1. Only one of the listed values, (i) 15.9, 56; (ii) 21.1, 65; (iii) 11.2, 30, was derived from the coordinates as Rg and Dmax of the Cα atoms in Å; which label is it?
2. So if I place +1 on the C-beta of Lys and Arg and -1 on the C-beta of Asp and Glu, and nothing else carries charge, what would the dipole magnitude of the chain be about its Cα centre? I want it in debye, nearest 20.
3. Cβ neighbours within 10 Å, averaged per peptide: list 28-41, 11-24 in order, most packed at the top.
4. Normalising by the residue count of the chain, find the relative contact order in percent from Cα pairs under 8 Å and 6+ residues apart.
Amino acid sequence: MNLEILTPEHTVFKGDVYGVQLPGINGLFEVLDKHAAIVSALKAGKLKILKDKQNSQTYSIKGGFVEVLKNKTTVLVEGAEEQ
């Protein structure tokens, strides 16, 4: 799955990943390879990139949105800091 994390200032992350965990406004959810198309609002919290089944990378994000379409996940956030 291709993941792209963008802020108004720059691209935070771009690459192929196993999955991503996101802080949705109604709770934490996970997007994996070949996920159904969705658009969801995000709240401030932890975003976890699952690079593979054993390696991950975590960012602290401000609110934003996520779109999943045709095995590409695009995350648009106000700000993101690597943890």
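None of the figures in this text is laboratory data; all of them are computed from the coordinates on show. Note that the structure is predicted; figures quoted are calculated from it, not measured. Counting neighbours? That spans all protein chains shown, and the Cβs are built from the backbone with ideal geometry, glycine included.
1. For Rg and Dmax of the Cα atoms in Å, the calculated option is (iii).
2. 200 debye
3. Descending mean neighbour count gives 11-24, 28-41.
4. Relative contact order, the chain: 32 percent.
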